[in-house]
Structures are given as structure tokens and as C-alpha cells.
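Scroll down for the structure; my scribbles are underneath it.
The values are calculated or read from the model by the stated rules, or taken from the named source; none is laboratory data. These numbers were taken from a predicted model, which means no experiment stands behind them. Cβ coordinates were reconstructed from backbone atoms using ideal geometry, including for glycine residues, and neighbour counts include every protein chain displayed.
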Amino acid sequence: MMQSLFFVVAGIVFGLANVIPGVSGGTMAVVFGIYERLIGILSDPLHNIKKEWKFLVTFAVGLVIGILAFGKLMNWLLGRWPAQCAMFFIGVILGSLPMLLRSAFMPGGKGNRVQLTPATVIAFLAGFAIMIPMIVSGNNAEAKEAAKAGAALGAVNAGQALLMLVYGVIASATMIIPGISGSFVMLLLGAYGKIIAAVAALTSSQIGSAIALLLPFGIGVVLGLVFCSKLIKYLLHKFPAVTYAAILGFVIGSIGCVFPGFKSIDVWGIVAMIAGILVLWGCDKLAPESAAKEL
């Protein structure tokens, strides 16, 4: 019962992360200790969905609740107290850092001495460096709106369909890399507006062009999820410390993406951050040992 409740809570937070600008669903999977489990399922879905159906059902229930129920509440809170909401999620991320530090720099687990190697240090710096363009640009909401406004479908040729397939692979890869916002990467590639326009056109006379774009994009997403998760699973198995060092860089970098600015921080922002840390620590204490089971 406690295990199922934990997975529902993890699903709720994961769902919320995917509707909040700047917050990464992959980061939330890491901080709840289920990242490796999700990667294992995605790397071989035909085999592992049947094996892990209880976990997936409880996680999916939380995901739906997070998006449909708490999503509206979070949007309301973001409209009234955006800085405090951002600080809460920063607290959640900060609460996860001890676990990530142990995974990256303390082989053997808690109680061992910190071991810094050139490989782990380079991996950490590389992960953080990848986040710098997103930290500098922020959520870039204005650019997103401009991209949506300027996007037009028109006729779709084979070259555009192939490009959408590639975009789908890239989008899915960014979905499962902690700290990175998939929508922001699509914006950098110039694909964000086209995808949004295609989704909107599904109920219009341009439905044919929309499907011609979204179908290869969807195929690319599926292919990317499977192959990228296989790669990440391999890296976690063969080079766990180096891989977690890179993830640590991504996650710490994601704080810069969420941070509302020093001028926006008040007493309630600090309280919200502390609450986020306590929530994560509480969930960590309640989490069953099998929550992060590897596949």
C-alpha cells in the first residue's frame, strides 16, 4: 500500500513538472529515485510493461491526477505566486542533491569517502554546460508565442516529413534527460511553432497536412524513447558514477532555469523552498526500498 501511494505521488509531481515552464519531468523522476526504473521500462517496453504493470498503473494514475486535477491548481498558483512556486520546486531539487552526490562521487553508497575522478568531474561540468543556454534564455515565453504566431503549415514534402522524424527523436531524447526542457530545444531548432500549428490544425481543413507532419514526428518520438533509453540504461550500467555526475550537472543547471531572480524572493519564497526540501526528504523516508528497482 505504501509503495503504491509513493508511486502515485511520484506520478503527480512528474505530471505537474510537465505543465510547469522550466521544470523537467526527467529531473522529478531522478529526485524521486525512479529514473532508472522508467529508463529500464522504456528501453524494452514490450517485455517490461507486462512485468511492471503495477508500477505503471499507479504511476499513470498519479500522472493523470497531476496533469488534470493539480495542473489547474498549479496554473492558478503560478498566476498568483510564481516566484514562490518556483522556489518550492527548487527546494524539491535541492532535497535530491545528497542522493545524486552519493551516486556520482561516493561509490559504494552512504558512509564512503568522496572520490573525485577526472571522468566524473568532466561529466558534471559537461552536463552543467549544456544547461547554460537554457539558463541564459529562461523560459523564453515570448519567443514561444512568436513561434506559434508565425508558424504556417502549407504543403508537406518528403524532406519535411523526414525532418519531423528527426525532430521527434530529438524531442524524445530531451524528455528523458533530466533538467532539459523538450519544448525549449524544439524552439531552438525552429520546430516548436510548426508542431503547435500542426496540433491546432487537426480540427481544421488542414488536417491532412497536420497528420503528414505529426505522424513522422510521433514515430520519431517512439523510436527516440526506445533507443535513447537503451543508451542511458547502458551508460547507467557500465559507467554509473560518470552518468550520475552528468545527471547531477543537468539537475543543478535546471535550478538556474527555474530560479525566479533575487528580486522576486521574499520570506514566503524561502518558506516554499524549505517546504520543497522537506517534502522530498519525507517522500525519500517513506519510499520503499524497491521503488528504484532496476530492470
Task: Elements of type helices (runs of 4 or more DSSP H) contained in the range 180-290, each with 2 or more residues being in contact with a Lys or Arg (Cβ under 8 Å, 6 or more places away or on another chain) and modelled with pLDDT under 85 - done: 182-189, 192-200
- [ ] Any residue in the range 219-235 that's without any contact (Cβ under 8 Å) to a residue 24 or more places away in the chain: show its pairings with residues that are surrounded by 15 or more Cβ atoms within 10 Å (Cβ to Cβ) at Cβ separation under 7 Å, as long as the two are six or more apart or on different chains.
- [x] 235/243
- [ ] Kindly check whether there is at least one residue in the range 34-43 that is surrounded by fewer than 16 Cβ atoms within 10 Å (Cβ to Cβ), acidic (Asp, Glu) and modelled with pLDDT of 80 or more.
- [x] no
TODO: Taking residue 211 as the residue in question, decide whether it is hydrophobic (A, V, I, L, M, F, W, C) and either surrounded by 16 or more Cβ atoms within 10 Å (Cβ to Cβ) or within 15 Å of the chain's Cα centre (by Cα) (or both).
DONE: no
